[in-house]
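The structure under discussion appears below in the form of structure tokens.
The values are calculated or read from the model by the stated rules, or taken from the named source; none is laboratory data. Remember, it's a predicted structure, so these values are computed and weren't measured experimentally. Cβ: placed from backbone, ideal geometry, glycine included. Neighbour counts: every protein chain shown. Note: areas computed on protein heavy atoms with side chains; ligands, DNA, RNA excluded. Shrake-Rupley method; radii C 1.70, N 1.55, O 1.52, S 1.80 Å.
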Amino acid sequence: MNALVNIFNKVFIKEFYMQNAGFFLLVILFAFGFMGGAEHQALAGFFVSTLLTLLIPFSVWALYLLKIIYFNQVTILRIENQFLECTILFPGVKRVFVFALCIILQLMPAIFYGLFLCVIAIQTGKVTFVAFVLLLLALLVVAGVALLQHSFIAKKRELQSSFFKKLMDKRLARPYTIICVEALLRSETLSLFTTKLAGYFFLITGSYLYKTDIYDWRLMAFAAALAFSCNNGLVLALFKFENNMLMWTKNLPFSYSKRLLNTSLILLLFLVPEIIILFKNSPDVLEKIYILGIILLGLSMVICVYVLMFLPIASGENQIRLVFALTVSWIIMILSGTQLYFMIGINSAIAALIYRNCLYRYT
């Protein structure tokens with residue numbers, strides 16, 4: 001029993017306060033640097049004036065408890081702390097006692113402030129609030145103990161899907177396109193947000209310039225090329241997901257055209273925000289045929305980037321160099337006045353040729 005307490009004291013309590021020493025120092029400096037004793041007493045008196053205001057410090061304590069829970073879970077999962085799994089074999093009463101002692105010691109800053117609130121409540125004649133404060137602190141301790149015990153028990157527990165997910169998986173068959181889109185939305189959420197934000201900036205800036213002067217289609221095509229090129233990171237992520245994680249799909253009896261069409265549809269779904277912005281903010285001086293051509297050019301660009309990843313030269317660090325060289329080449333062709341549909345045809349022909357010859361050679 002004493003050995004277990006010492007172990008928890010060293011692994012959970014001392015390590016917790018050592019890792020968060022800077023955090024506690026900032027809190028102390030903020031609390032005592034801007035407020036004196038009279039201000040602290042006035043604030044505590046405000047907290048214990050009503051039940052609603054008492055929830056303010058309780059919410060802060062709850063956030064602090066979440067910080068403790070996260071630290072405990074990370075500590076339990078460390079490789080060097082595998083011996084802590086034996087804790088679950090201790091008798092229930094002793095185990096709960098050790099867990100409670102650990103949580104209480106980790107919650108000491110909150111407990112000290114809670115006792116300070118109790119003293120202020122007694123001084124201001126709010127004796128009933130003493131029971132409320134102690135009850136809230138007890139709830140925090142009980143929740144911390146329950147979650148700490150759950151962290152030990154759930155570590156080796158088999159992960160199971162929820163009833164709703166099982167029902168959806170049984171009733172709904174997700175197409176291949178939706179599987180890829182969902183995978184990228186989960187793994188590339190931040191990249192997707194920054195990509196669309198950058199694309200929005202380029203397209204809005206390009207369309208705004210038409211309001212101050214007269215330009216032909218090349219300016220809007222240039223802005224769109226930059227916007228669509230921002231999606232190259234998502235294109236590379238989709239390529240790795242389809243051809244590394246879902247490599248087994250190459251054994252399915254699908255034609256080259258159907259495979260490339262599925263990939264093109266996935267890329268088209270991710271280009272919907274740019275397409276909407278192009279149609280909504282298209283300059284009045286440009287005909288719709290040019291806007292359609294710009295959209296098809298952007299789609300052919302991302303498809304071409306995807307397909308070129310099958311080439312042996314597009315391995316390792318050469319991926320970024322190849323994508324950059326392609327983007328610069330397209331921009332030069334646009335600014336030089338090359339016809340939109342000619343570039344679309346060249347990109348489509350190159351993509352189809354490489355895809356057919358290199359799909360099954362990629363490993």
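I need the peptides 231-237, 203-209, 114-120, 249-255 ranked by packing, meaning the mean over residues of other C-beta atoms within 10 angstrom, with the highest value on top. Write out the running numbers ahead of the final one.
Details: 231-237: 20.3, 203-209: 16.9, 114-120: 18.6, 249-255: 9.9.
So the peptides 231-237, 203-209, 114-120, 249-255, ranked by packing, come out 231-237, 114-120, 203-209, 249-255.
Using just its DSSP H runs of length 4 or more, each adding -39500 (n - 2.57), the chain gives a mean residue ellipticity at 222 nm of -24000 deg cm²/dmol after division by all residues. Axis of helix 21-34 versus longest Cα principal axis of the chain: the two differ by about 70°, to the nearest ten degrees.
Taking Cα atoms only, the orientation of helix 108-123 departs from the longest principal axis of the chain by about 50 degrees.
Tell me, in nm to one decimal, what length is gained between Leu66 and Val96 on full extension, where the rule is 0.36 nm per residue of separation less the Cα-Cα distance?
On the way: separation 30, 0.36 × 30 = 10.80 nm, distance 1.92 nm.
That pair, Leu66 and Val96, stretches by 8.9 nm at full extension.
Residues in segment 89-160 average 57 Å² of solvent-accessible surface per residue, probe 1.4 Å, ligands and nucleic acids excluded. Candidate cross-link partners of Lys250 among the lysines, defined by an alpha-carbon separation under 24 Å and a same-chain spacing of 8 or more, comprise Lys240, Lys258. Applying the Kirkwood pairwise sum to the alpha-carbon positions of segment 269-363 produces a hydrodynamic radius of 14.6 angstrom. Across the accessible surface of the chain, with the other protein chains kept in place and a 1.4 Å probe, carbon and sulfur atoms take up 71 percent. Of the trypsin sites (Lys or Arg not before Pro) found in segment 264-363, those in coil by DSSP whose Cβ has at most 12 other Cβ atoms within 10 Å are Arg361. A 1.4 Å probe run over segment 172-300, with the rest of the protein chains in place, finds 54 Å² accessible per residue.
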